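Bear in mind these aren't lab numbers, they're just calculated from the coordinates by the rules spelled out. Note that the structure is a prediction, hence the values are computed from the model and not measured. When we count neighbours, we look across all protein chains shown, and the Cβ atoms used for this are built from the backbone with ideal geometry, even at glycine.
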Amino acid sequence: MKKVIVTFPEGKHKVLTLSYDDGRAADRRLVELFNQYGLKGTFHLNSGLLGVDDRIGGEEAVSLFKGHEISAHTCTHPTIERSPKEQLASEVIDDRKELEAIAGYPVRGISYPNGSFTSYIKSMLPFLGIEYARTVKSTGTFAMPDDWHEWNPTCHHNHQLLEKAQTFADLHKTQYLYMMYVWGHSYEFDHDHNWDMMESFCRFIGGREDIWYATNIEILDYMNAFRSLKFSADSRFVYNPSARSVWLSVDGEVIEAVGGKQISL
């Protein structure tokens, strides 16, 4: 039987994603850095606070976050584990509605406001149209998530970011999939006076041929597309029922399983 394993697009085995909360004015500078070095970010917004104080307004968000992902963060940023389920449902659904009107596409992810969640909240999210949820529980590792509704990042940007970037860049064992997931708040760079650190990170980690640069939802959709593949029992061929291509390593050779087609392996 052939040895078949999934890779990231074009045979890559590493993915970098970044996740920033609250939609504050400093997102402008952060997005500029991401765009300059080819990084992809997911920006979690509170629709009920858009345009308040120094927060990005809805109209600006359309153009600012183009090429990145607009994601949910609840309407008003409550500590949701202390909220009744009716309020939780409203906070999530209303946030989705407002953000979808801005983004023009379904908003299917969230970051937990104040890092607050419970197993009960996790169980509710799929019924509210939320397919992934990011925590603030940094692991310090580069593992793929086992639970998309408890998606733990690698690190906050203030926690040895450059050292972790070097470790990530040096990873070479292609039998594994590695993910570096950085989270934070853009206004923290102003408070901590460390924009130079973030720019150094972006310059160092950007433009690498062995890294896929993706938003949160792109990673989820890609892995779901892999899970939907229909393999023959002897792995001689595979049918891809989804619209997107999935790349596979077949006995060490990278093969593209084109969306909507059956291919021989």
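Taking every alpha-carbon pair under 8 Å whose residues sit at least 6 apart, the stretch 12-224 reaches a relative contact order of 30 percent. For the chain, the membrane-span-like helix rule (DSSP H, alpha carbon extent of at least 20 Å along the helix axis, mean Kyte-Doolittle at least 1.6) picks out no helix; this says nothing about an actual membrane. Close amide-amide hydrogen proximity is noted between S19 and T42, V182, W183, G184, each under 5 Å apart and 5 or more residues distant or on a separate chain (H modeled in the peptide plane; Pro and chain starts excluded). A viscosity of 1.306 mPa s and a temperature of 10 °C, combined with the Kirkwood radius over C-alpha pairs in the Stokes-Einstein formula, give the chain a diffusion coefficient of 82 µm²/s.
Bridging of K97 to aspartates and glutamates at a Cα separation below 16 Å is possible for E59, E69, E131, once same-chain residues fewer than 8 apart are set aside.
Phi angles across the stretch 62-70 convert, under the Karplus curve 6.51 cos²θ - 1.76 cosθ + 1.60 with θ = phi - 60°, into 3J(HN,Hα) values of 4, 7, 4, 9, 4, x, 10, 10, 8 Hz, Gly and Pro given as x. Residues of the stretch 6-21 with amide nitrogen under 15 Å from the 7 Å Cα-to-Cβ point of K261? Answer for this model: 10. Remark: the Y120-S63 segment gains 16.9 nm on full extension, using 0.36 nm per residue and subtracting the alpha carbon distance. Extension gain for D170 to V52 (0.36 nm times residue separation, less C-alpha to C-alpha distance): 38.3 nm. Put the Cα centre of the stretch 129-201 next to the Cα centre of the stretch 37-70 and the gap is 19 Å.
For the chain, modelled as a Gaussian network with Cα springs under 10 Å, which listed residue fluctuates most, V52, V15, V31? Comparing V52, V15, V31 in the GNM, the peak value goes to V52.
Among beta bridges from DSSP that stay inside the chain, the antiparallel ones total about 35%.
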